[in-house]
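Beneath this line is the structure, given in structure tokens, with notes to follow.
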Amino acid sequence: MFKRIKVFLLGQSQDPFSKENRKHIVLVAFLAWIGLGADGLSSSCYGPALGYQALGQYHHLGIFLALLTAGTVFLIALSYNQVIELFPNGGGGYKVAKVLLGDAAGLISGTALLIDYMLTIAISIASGAQAIYSLLPDKYQGHMVLVEILITLFLMVLNLRGMKESIKILLPIFLGFFITHIAIIIYGVFARSSEVPKLIADTASTTHHAIINLGLISVIAILLRAYSLGSGTYTGLEAVSNNVNILAEPRVRTGRMTMLYMAFSLSIIASGIILLYLLWNAHPVQNMTLNAVVFENILGHSYWAHIGLIVLLFFEAGLLFVGANTGYLGGPAVLANMSIDDWVPRRFSNLSSRLVKQNGILFFGLCAVAILFFTEGSVDFLVIIYAINVFITFSISLLGLSVYWWKNRKKQHPWKRRLILSSIGFVVCASILIITVISKFTSGAWVALVTSSILIGLCVVLHRYYKHYEALKIKLDRDLEIPLEELDRKSLKAELDPKARTAVFFIKDLGAALHTILWVERMFPKYFKNYIFVSYGNVDTGSFGSEKALKRLQSRTDKITNYLIRFAKLNGIAAKAILGYGANPLVEITTIIEKINDEFPENVCFASQYIYRKENLITKLIHSDFTTALQKQLQAIGTKMLIVPLKLEG
């Protein structure tokens, strides 16, 4: 029953080696624009409003804010095209910082991205709920957080089925938002087109008077503060570079096209909405978003106008929910890349039977639920933390690109144009970051800095922990590996006897495998006549999507099993290896054992399990408990399995 429910919710398992399956889950530019670009486009629902409100009484500076917004979107998008070109296998800000600036920069950028994607989900869903509740009476506002949590969990389950499935379901919402908002912007500007010359003249006059009264520096400071506080508008632009590995071939071209779609759509809608604020004299109204206010001003108060407002706000809420979906796509990808480098628990690099990063999706979904619960979905507070972490990543990535183009100026052409672009982008992003931290330090910026620092510290501790035990495993491999040429050569022609007693060994590391074999021979001398080595290559984020990585995985597995077969035969024991590859080891190995049971009924399975100094909840999270889970699974089908403990220390 559990399996049936799982298949109903998540779908059937997928074969990672099937080219058809890999073709099925990759995204063309149009679908990538929807699945990854929705985060950037959805930020137009709250970013421009925050920047515009930060102008205070100096709303006339809104024209400059609109121009700066459009320009910054294209600047960041063009800069991140360089990231796509240099890192066509994905990784985005984390990999750029790690490769171009070192592990420390990579860790800072990676942790900022993790927080960014948690907040992508939380803020997008909270903003979407606010858009819907803008249409409802005040007495219903108390249920908003519960609705936000339920939507978060729904999207989490949807993404466990696979990214393409979730994108196809959300496609009509995305297109509905884009079409309706382009329409309202065109109509709103056209309806007040006669006032545009007056608006420009008033802006010039009012700005001139402000410069005389306040001084040029003060006016620039007001504009830059609003510009930085509206920096949430630019979030999501990095999502494509983080997920280039899931784009259709040719990846670089698809990535560039996706970035172009994102830049045009976001710049037009974000700057267009700011222009509507100016032309329609939008002012904050309690329990209504500023977008809802300006749309109501444009449409009027008739029955059909109210219907039109409902349609606009529902598409706006829908797009924000699609934007939240980007957190479920991009966040687990960053988490998986960091797990491969041992900054976070390794289980986050695993793929589920649906070839999705299931552990990462669950992690980000539950973190978003916690954020919504403890902050009560306060968008104004969360956007500050959000923007700071986004611009930490932007700044580090663009600094890395600048360093790269300067170091390779004699090898890369044209390097000057790229260096200038990435350098300007770095200065702009670093300036926004500094201004936001200073101006909003007491309002939430300090929370962002403290949270990032704690997360970095935890990653460093875990990294050192993994490296310590990795060194012990390497030492074990070296100590136990026996030079085969020194063994007494016996017949290598021993044939497997299906009726004879058979030992089945689960193989991963050479040292652990030899430890288990030697223990079995010591405890059951000359008892087993057949050895079967079952080795399972776990296809994770680091190997899936890359032919070279998959071949490396196969080569390493073949090397270990070939050694063990030769070792067994030189000791007079018939042996063979069964190799399997996939994303769901528990299910696939069970299938292999069922076949072995049919051919070799007199078999016993053996596997080693590393024993660590302290066993507690934390170590269980850090280390895989796969061996115990496999033992329970095999017992369910009547197969005997013994676990051989292997203490790495002492």
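For the list (1) of a type in the set (Gly, Ala, Ser); (2) at pLDDT below 85; (3) over 16 Å from ALA54 (Cβ atoms), I need the number of the one condition that GLY400 fails.
Exception for GLY400: condition (2).
Yes or no, residue by residue, for (1) part of a helix (DSSP H, G or I); (2) at pLDDT 85 or above; (3) more than 17 Å from the chain's Cα centre (by Cα):
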{"residue": "GLY236", "(1), (2), (3)": "no, no, no"}
{"residue": "VAL240", "(1), (2), (3)": "yes, no, no"}
{"residue": "VAL252", "(1), (2), (3)": "yes, no, yes"}
{"residue": "ASN281", "(1), (2), (3)": "no, no, yes"}
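It is to be established whether one or more residues within segment 544-556 are open to solvent by 10 Å² or more (accessible area, probe 1.4 Å), closer than 30 Å to PHE363 by Cα, of a type in the set (S, T, N, Q) and at pLDDT 80 or above.
no
Counting only residues that are at pLDDT 80 or above and exposed (fewer than 14 other Cβ atoms within 10 Å of the Cβ), how many does segment 132-142 have?
Residues that pass the stated criteria total 0.
Is there any pair linking a residue in segment 560-574 that is under 14 Å from ASN530 (Cβ atoms) and in a helix (DSSP H, G or I) to one that is open to solvent by less than 50 Å² (accessible area, probe 1.4 Å) and of a type in the set (Ser, Thr, Tyr), with Cβ under 6 Å and at least six apart or on different chains, and which?
ALA568/TYR531
List the pairs whose first member sits in segment 275-295 and is without any contact (Cβ under 8 Å) to a residue 60 or more places away in the chain, whose second member is open to solvent by 50 Å² or more (accessible area, probe 1.4 Å) and assigned to a strand (DSSP E or B), and whose Cβ atoms are under 8 Å apart, counting only residues at least 6 apart or on separate chains?
VAL293/VAL285
Please state which one of GLY425, GLY377, GLY400 is within 27 Å of the chain's Cα centre (by Cα) and outside any helix (DSSP H, G or I).
GLY377
Scan segment 299-311 and tell me whether some residue there is buried (at least 23 other Cβ atoms within 10 Å of the Cβ) and touching a helix residue (DSSP H, G or I) at 6+ places or on another chain (Cβ under 7 Å).
The answer is no, given that none of the residues of segment 299-311 is buried (at least 23 other Cβ atoms within 10 Å of the Cβ) and touching a helix residue (DSSP H, G or I) at 6+ places or on another chain (Cβ under 7 Å).
Can TRP405 be described as without any contact (Cβ under 8 Å) to a residue 12 or more places away in the chain, in a helix (DSSP H, G or I), surrounded by 14 or more Cβ atoms within 10 Å (Cβ to Cβ) and more than 22 Å from the chain's Cα centre (by Cα)?
So TRP405 fails the test.
Consider PHE394 against the criteria (1) within 23 Å of LEU68 (Cβ to Cβ); (2) touching a residue at least 60 places away in the same chain (Cβ under 8 Å); (3) open to solvent by 40 Å² or more (accessible area, probe 1.4 Å): it satisfies all of them except one. Which criterion is unmet?
(3)
From the set of residues in segment 181-199 that are modelled with pLDDT under 85 and either of a type in the set (A, V, I, L, M) or not in a helix (DSSP H, G or I) (or both), which is surrounded by the fewest Cβ atoms within 10 Å (Cβ to Cβ)?
VAL196
Can you name every residue in segment 435-468 that is under 29 Å from TYR227 (Cβ atoms) and exposed (fewer than 13 other Cβ atoms within 10 Å of the Cβ)?
Hits for segment 435-468 are ILE438, THR442, SER443, VAL450, SER453.
Residue-wise test of (1) over 21 Å from GLN609 (Cα atoms); (2) open to solvent by 60 Å² or more (accessible area, probe 1.4 Å); (3) hydroxyl-bearing (Ser, Thr, Tyr); (4) at pLDDT 85 or above.
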residue: LEU472; (1), (2), (3), (4): no, no, no, no
residue: GLU486; (1), (2), (3), (4): yes, yes, no, no
residue: ALA503; (1), (2), (3), (4): no, no, no, yes
residue: ASP509; (1), (2), (3), (4): no, no, no, no
residue: LEU514; (1), (2), (3), (4): no, no, no, yes
residue: VAL520; (1), (2), (3), (4): no, no, no, yes
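Confirm whether ILE273 is within 16 Å of ILE182 (Cα to Cα) and part of a helix (DSSP H, G or I).
Here the answer is yes, as ILE273 does meet what is asked.
I need the full set of residues from segment 83-106 which are of a type outside the set (Lys, Arg), in a helix (DSSP H, G or I) and open to solvent by 10 Å² or more (accessible area, probe 1.4 Å), in order please.
Those that are of a type outside the set (Lys, Arg), in a helix (DSSP H, G or I) and open to solvent by 10 Å² or more (accessible area, probe 1.4 Å): GLU85, LEU86, VAL99, LEU100, LEU101, ASP103, ALA104, ALA105.
Restricting to segment 369-391, what's the tally of residues that are more than 27 Å from TYR227 (Cα to Cα) and in contact (Cβ under 8 Å) with a residue 60 or more places away in the chain?
The qualifying residues number 2.
Considering only segment 296-333, state which residues are of a type in the set (Ser, Thr, Tyr) and free of Cβ contacts under 8 Å to residues at least 24 places away in the same chain.
Of everything in segment 296-333, those that are of a type in the set (Ser, Thr, Tyr) and free of Cβ contacts under 8 Å to residues at least 24 places away in the same chain turn out to be SER302, TYR303.
Taking PHE426, is it over 23 Å from ALA105 (Cβ atoms), open to solvent by 30 Å² or more (accessible area, probe 1.4 Å) and among the aromatic types (Phe, Trp, Tyr)?
no
The values are calculated or read from the model by the stated rules, or taken from the named source; none is laboratory data. Here the structure is a predicted model, which is why all the values come from computation and not from measurement. Positions of Cβ are generated from backbone atoms using ideal geometry, with glycine treated the same way; all protein chains shown enter the neighbour counts. When the accessible area is computed, the model is the full protein with side chains, heavy atoms only, and any ligands, DNA or RNA have been set aside. Shrake-Rupley method; radii C 1.70, N 1.55, O 1.52, S 1.80 Å.
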